[in-house]
Amino acid sequence: MLSCMMCWCLFASAQKSHTLDNIEVVSRHTFSDIIPSQNLKGKELENLNALSVADALRYFSGLQVKDYGGVGGLKTVNIRSMGSQHLGVYYDGIQLGNAQNGQIDLGQFALDNVEEISLYNGQKSSLMQTASDYGNAGNVYIRTRIPKFVGNEKTHFRGKVKYGSSNMLQLSALLEQKLSKKVSASFNLGTLTSDGKYKFRYTRKNSDGSVAYDTTATRQNGDVQTIRLEGNLHGLIERGSWYFKAYTYQSNRGIPGAIVNNVWKRAERQVDSNTFFQGAYQKDPADWYSFRVMGKYANYYTHYQNPDTTTMMVDNKYRQQEAYVSTSHAFEILPWWSTSVAYDVRWAKLTSDMYTCPEPYRWTHMIAIASAVSFKKFSAQASVLYNNTRDKGESSAAGTTPVGATLKISRFTPALFMNWYPFRTRDFSVRGFVKNNFRMPTFNDLYYAEVGNSNLKPEKAIQYDLGATYTAKIHKTALIFLKADGYYNVVRDKIIAYPKGQQFRWTMLNLGKVHITGVDVEAHGQMQINKVKAGLRLQYTYQRAIDVTDEKDSYYKHQIPYIPKHSGSAIADIEWKAFTFVYSFIYTGERYNQQENIERNYMQPWYTSDCSLSYSMPVKKTMLKATFEVNNIFSQDYDVILNYPMPKRNYAISLSVQL
């Protein structure tokens with residue numbers, strides 16, 4: 001990772017390679033990042049012992065993970081206070097979608113088959129990317145394993161069993177098979193069950209400061225059962241490659257809900273059945289030209305039930321369908337100048353059995369043109385994205401009148417990225433970018449009376465970033481990497497989503513105008529002395545995200561809900577012989593759960609410390625690994641979201657086998 005940050009951005013001559021059975025595929029027009037990414041991959045990712053992608057993303061600066069508690073709780077990610085919908089999440093190069101509410105539940109993506117997770121602020125610098133890559137304030141890329149075989153190897157297998165608190169049992173298996181010299185397959189199966197019960201302390205005060213509640217209770221109705229199956233085919237062709245993926249995820253879970261009005265147990269349930277198929281084909285017909293075609297079809301089904309007669313009885317089914325095609329083309333004009341064009345078309349439709357509810361569908365066309373130049377000490381990339389989105393509503397299942405065309409939006413969003421090496425060596429670089437960003441309201445935002453707001457405006461943002469990177473090697477035994485960024489974002493017509501008592505439902509609000517000022521700092525260190533290897537990863541984020549809509553508002557220039565001014569994390573690992581010890585720490589500073597920054601809405605800072613100890617033992621051609629972990633060592637009582645208490649100290653033990 002550190003060496004990647006030091007690479008010079010020579011896009012015309014740089015190459016990206018994938019190895020399969022000692023056959024190498026070269027893709028041109030891919031180059032090192034003008035704006036460096038944050039990465040977790042390989043051994044570092046494995047050492048975290050995280051259950052899902054969301055758990056790993058907690059250690060990236062500039063991100064806030066909203067966690068509603070427990071193994072099966074909803075987990076979404078917010079980038080630099082701009083909201084979840086401004087963050088694109090890509091699974092093997094294709095964006096994950098949710099036209100209904102825009103919330104990608106990253107808790108459903110396990111790490112069993114994940115090779116690398118990367119975060120880019122702004123956008124990545126590759127010219128060979130989809131048009132949608134240019135359309136977000138930042139992107140998370142989840143890259144799964146590509147089978148690699150050495151010599152006469154034809155089969156790889158890896159299995160894992162993990163048991164922990166809340167009767168959590170996780171099973172996973174990964175099988176990789178060589179089908180021919182140029183084709184391989186992989187199959188990944190994972191299951192997770194838990195009763196979702198855990199102890200928590202609940203304390204609330206009255207407006208006069210007296211204690212209203214102070215008790216210890218057990219979280220109820222948080223049980224979860226999931227199964228995930230993924231199959232992949234990877235192949236090589238002359239001067240190119242292809243892959244095809246089939247993915248399905250099934251879950252049945254209880255939703256414990258918020259603890260309000262002295263209600264400690266709820267009966268809400270949610271069933272999800274998500275399936276998608278996707279693939280890509282990439283080829284370099286000539287040294288100066290590359291192209292890629294990608295496609296996807298997804299079908300998402302959700303059944304939500306709330307039998308509580310004291311609130312509102314709900315029994316609704318929702319189905320989303322999505323079809324997506326993308327084509328990208330990159331051209332080398334001169335040795336120091338390349339350009340690209342990409343076109344995406346996406347169709348999404350939502351149907352529901354809700355009475356008198358419109359069933360909207362959306363067509364989105366995106367065209368991106370980008371160009372990059374590179375000189376000895378300076379490189380830059382400029383791009384412009386055209387987004388044309390059209391919504392239409394149809395009759396609902398109840399037979400209401402068609403609502404016709406509901407929304408048409410066309411928008412151009414330009415961006416400029418630059419990187420400069422001021423000294424003779426490339427250990428130090430200065431970079432910056434400015435980017436215009438735009439995101440559509442979701443179907444729930446617009447069309448659903450109980451949760452939506454038909455008066456919502458599309459959200460617009462402009463991002464400014466200035467940063468520096470420094471890498472140093474010390475006495476051939478240590479490597480240090482430092483990265484710092486200052487940024488300023490202006491968001492107009494910002495949309496904020498609040499849970500509305502029921503976790504599946506949301507209350508939507510246009511704040512109007514928000515100014516976001518922040519600093520992200522990241523530091524990595526690695527060293528080795530004899531047989532001891534040690535690593536340290538630190539990150540700190542400062543964010544001042546204030547509402548500046550109207551001076552007459554009581555919350556004018558107040559911090560927006562759930563955004564801490566200070567947050568950070570640390571990961572330390574030590575390897576000695578067959579033992580690996582990992583300690584991780586997460587801190588989130590004070591926040592407010594409503595628009596007004598007053599004592600009643602104040603939420604205290606929280607922190608957690610986790611640790612694990614692993615022992616690896618080879619047995620002939622098999623590698624066995626046992627891990628014991630303790631999470632929330634000091635049994636901290638905290639809520640990430642108000643009235644959604646998180647687990648106290650909890651434990652897990654796992655055993656994995658690889659052959």
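Annotations
- Protein heavy-atom accessible surface, 1.4 Å probe, per residue over the stretch 553-655: 51 Å².
- Farthest toward the positive end of the dipole of the chain, out of TYR488, ILE369, GLN604, is the Cα of ILE369, where the dipole comes from beta carbon charges about the Cα centre.
- Magnitude of the charge dipole for the chain, about its Cα centre and with charges confined to Cβ atoms of Lys, Arg (+1) and Asp, Glu (-1), is about 1160 debye.
- Karplus-derived 3J(HN,Hα), 6.51/-1.76/1.60, for each residue of the stretch 422-428, Hz, glycine and proline x: x, 10, 5, 7, 9, 6, 10
- Farthest positive-ward along the chain dipole, Cα basis, beta-carbon charges - from ALA258, VAL548, TYR301: TYR301
- Debye, to nearest 20: dipole size of the stretch 210-308, +1 on Lys, Arg Cβ, -1 on Asp, Glu Cβ: 100 debye
- Accessible area of the chain belonging to carbon and sulfur atoms, whole % at 1.4 Å probe: 58 percent
- Mean separation of Cα contacts under 8 Å, 6 or more apart, over the residue count of the chain: relative contact order %: 11 percent
- Placing a pseudo-label 7 Å from each Cα along the Cα-to-Cβ vector at ARG492 and VAL314 gives an inter-label distance of 3.3 nm.
- Alpha-carbon centroids, the stretch 467-483 and the stretch 531-553: separation in whole Å: 22 Å
- Label reach from THR622 (point 7 Å along Cα→C-beta): in the stretch 159-198, amide nitrogens under 17 Å belong to 159-162, 172-176.
- Those aspartates and glutamates that a straight Cα-Cα span of less than 18 Å connects to LYS181, excepting residues fewer than 8 apart in one chain: ASP21, GLU24, GLU153, GLU238
- Note on the stretch 48-95 and the stretch 630-646: Cα centroid distance 17 Å, given to the nearest whole angstrom.
- Within the straight-line cut-off of under 12 Å between alpha carbons, the aspartates and glutamates reachable from LYS648 are ASP610, ASP637, ASP639, sequence neighbours fewer than 8 places apart in one chain being disregarded.
- Think of the chain as having a plus end and a minus end, set by charges on the Cβ of Lys, Arg, Asp and Glu; of ASN631, MET440, GLN320, ASN631 sits farthest toward the positive end of this dipole.
- Amide H contacts under 5 Å for TYR556: none, restricted to partners 5 or more places along the chain or on a different chain, H placed in the peptide plane at 1.01 Å from N.
- For the stretch 585-594, 3J(HN,Hα) per residue [Karplus equation, 6.51 cos²θ - 1.76 cosθ + 1.60, θ = phi - 60°, Hz, x = Gly/Pro]: 9, 10, 10, 10, x, 4, 9, 10, 8, 9
- Distances between placed amide hydrogens fall under 5 Å for TYR68 paired with LEU74, all partners being 5 or more residues away or on another chain.
- Per residue, in Å², the accessible surface of the stretch 302-381 once ligands and nucleic acids are set aside, probe 1.4 Å: 47 Å²
- Centre-to-centre separation between the Cα atoms of the stretch 331-389 and those of the stretch 220-290: 23 Å.
- As a rough guide to protection, the peptides 83-92, 256-265, 463-472 ranked by mean Cβ packing within 10 Å, highest first, stand as 83-92, 463-472, 256-265.
- Within a straight-line Cα-Cα reach of under 15 Å, LYS533 can be paired with the following aspartates and glutamates, leaving aside sequence neighbours fewer than 8 residues apart in one chain: GLU44, ASP573, GLU575.
- Summary value for the stretch 194-239: 39 percent relative contact order, contacts being C-alpha pairs under 8 angstrom separated by 6+ residues.
- FRET efficiency, SER180 to LYS205 (Cβ-Cβ, R0 60 Å, nearest 0.05): 0.35
- Global form of the chain, assessed from the alpha-carbon gyration tensor, a/c cut-off 1.5: rounded
- Amide proton proximity set for GLY93, modelled H, under 5 Å, gap of 5+: ILE142
- Accessible surface computed residue by residue for the stretch 20-175, with neighbouring protein chains in place and a 1.4 Å probe, gives 26 Å² per residue.
- Its Cα centre serving as origin, the stretch 122-203 has a Cβ charge dipole (Lys and Arg +1, Asp and Glu -1) of approximately 240 debye.
- Sorting ARG158, ARG600 by solvent-accessible area of protein heavy atoms yields ARG600, ARG158, largest first, with a 1.4 Å probe.
The values are calculated or read from the model by the stated rules, or taken from the named source; none is laboratory data. What you see is a predicted model; the values in this text were computed from it and never measured. With ideal geometry, Cβ positions are generated from the backbone for all residues, glycine too; neighbour counts draw on all protein chains shown. We work out accessible area using only protein heavy atoms, side chains counted, and drop any ligands, DNA or RNA first. Shrake-Rupley method; radii C 1.70, N 1.55, O 1.52, S 1.80 Å.
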